[in-house]
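**Q** Sharing a structure below in structure tokens format, with a few things to ask.
Just so it is clear, none of the values below were taken in a lab; they were calculated from the coordinates. Quick caveat: nothing in here was measured; it's all calculated off a predicted structure. Counting neighbours? That spans all protein chains shown, and the Cβs are built from the backbone with ideal geometry, glycine included.
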Amino acid sequence: MTTLLLLALIVAAVHGLLIGVAQADEEDVQVLLRGQRAATSCEARRAAIATYLQSGDNRREQNVGLRSLHISDADLRDRLSSLVAILEDDRDGAARITKLAEQISATESLRPQDQQAELSRQRDTLLRLIRNPKERFTARVGAPFLLTRVLRAGDKNHPDWVPEWRKESLEMLQGPDDELRIVAAVNATLGRLPEGSDPRGSDIARALIGGLRHASPSIREMSHTGLGQITRSGPCFEATDPPILRASAVRDWEAWWKQNEAKLDSPIRQVFR
């Protein structure tokens, strides 16, 4: 297996941000339902979801049991619908990135002139993916990892590629498009922006806290995951919660922001020290 493909598969697995690596006993959707109905705290609701993520219904059956439920309680139905949406995005997005990684890996066996042409094509594909709001958000967040490696592979013939992407990624972080800001912010917390990019932690945290308000549960969860890369002790937030609970958690994150504003007003690499 080539280095590029191996790295891509690793990031796809890690990028399945909701799916833990620890093994758990087989659980069915009733465990999730009991946990969601009985949970009185954000932490307990997240724990119930974490248990379900290890279940056969999620790992092997692609949530068939969860999808087949008929629930009369509107609040619980909305929570579970949001969870399914997050899992679909995560699963489909990781598959998209893995397929692209395989295609990029295949360029290593091409003749030099053909390889450069293919790298250029792959660069354009990844840039379109990142910008396309119709793509799975998980794929949009994962694409910069592959893009950086494509740019490095083509650096000899295209020395302008990396500087252009560095400029664009920073413009995304500070631009008007909410989703592109979060794509850039999450990649910044994971250290995936191109060399020379070191945005301020305040810009990154601001974008991610804003993402907690997004209409998409997948974007809300990805934003919370990005914040978790900055701090392990921030307020609990559950992306599948109803609006009133999410609003309360966002206020807690805004209070956290005020308490940590001075520390965050530094390049992101310093924030992680």
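**Q** Trypsin sites (Lys or Arg not before Pro), restricted to region 47-77: which are DSSP loop and have at most 11 other Cβ atoms within 10 Å?
**A** Passing sites in region 47-77 are Arg60.
**Q** Relative to the longest principal axis of the C-alpha atoms of the chain, give the angle of the C-alpha long axis of helix 217-230, reported between 0 and 90° and rounded to the nearest 10°.
**A** Taking the Cα atoms of the chain, the angle to 217-230 is about 70 degrees.
**Q** I'd like the orientation of helix 161-174 relative to the chain: the angle between its Cα long axis and the longest Cα principal axis, in ° from 0 to 90, rounded to 10.
**A** 30
**Q** Identify the trypsin sites (Lys or Arg not before Pro) of region 145-206 meeting these criteria: DSSP loop state and at most 11 other C-beta atoms within 10 Å of the C-beta.
**A** On the way: sites: Arg149, Arg152, Lys156, Arg166, Lys167, Arg181, Arg192, Arg200, Arg206; in loops: Lys156, Arg192.
Passing both the DSSP loop test and the Cβ count: Lys156.
**Q** Further question on the same structure: Can you tell me the 0 to 90 degree angle between the C-alpha axis of helix 42-53 and the longest principal axis of the chain, rounded to 10?
**A** Taking Cα atoms only, the helix is inclined about 70 degrees.
**Q** In whole angstrom, and with the biggest value first, how far do the Cα coordinates of region 148-273 range along each principal axis?
**A** 53, 30, 23
**Q** While we're on this one: Treating the Cα atoms of region 35-104 as identical point scatterers in vacuum, please give the log10 of the normalised Debye intensity I(q)/I(0) at q = 0.28 Å⁻¹, two decimals.
**A** Result of the Debye calculation: -1.35.
**Q** For the chain, report the translational diffusion coefficient in µm²/s to the nearest whole number, using Stokes-Einstein at 25 °C, 0.890 mPa s, and a Kirkwood Rh over Cα pairs.
**A** Values: Rh = 19.7 Å.
Translational D for this selection: 124 µm²/s.
**Q** Taking only Cα atoms and a 10 Å spring cutoff, compute GNM fluctuations for the chain and point out the largest among Thr51, Thr98, Thr231.
**A** Judging by the Gaussian network model, the answer is Thr231.
**Q** Along the positive direction of the dipole of the chain (beta-carbon charges: Lys, Arg +1; Asp, Glu -1; about the Cα centre), which of Pro243, Val84, Thr148 reaches farthest?
**A** Value: Thr148.
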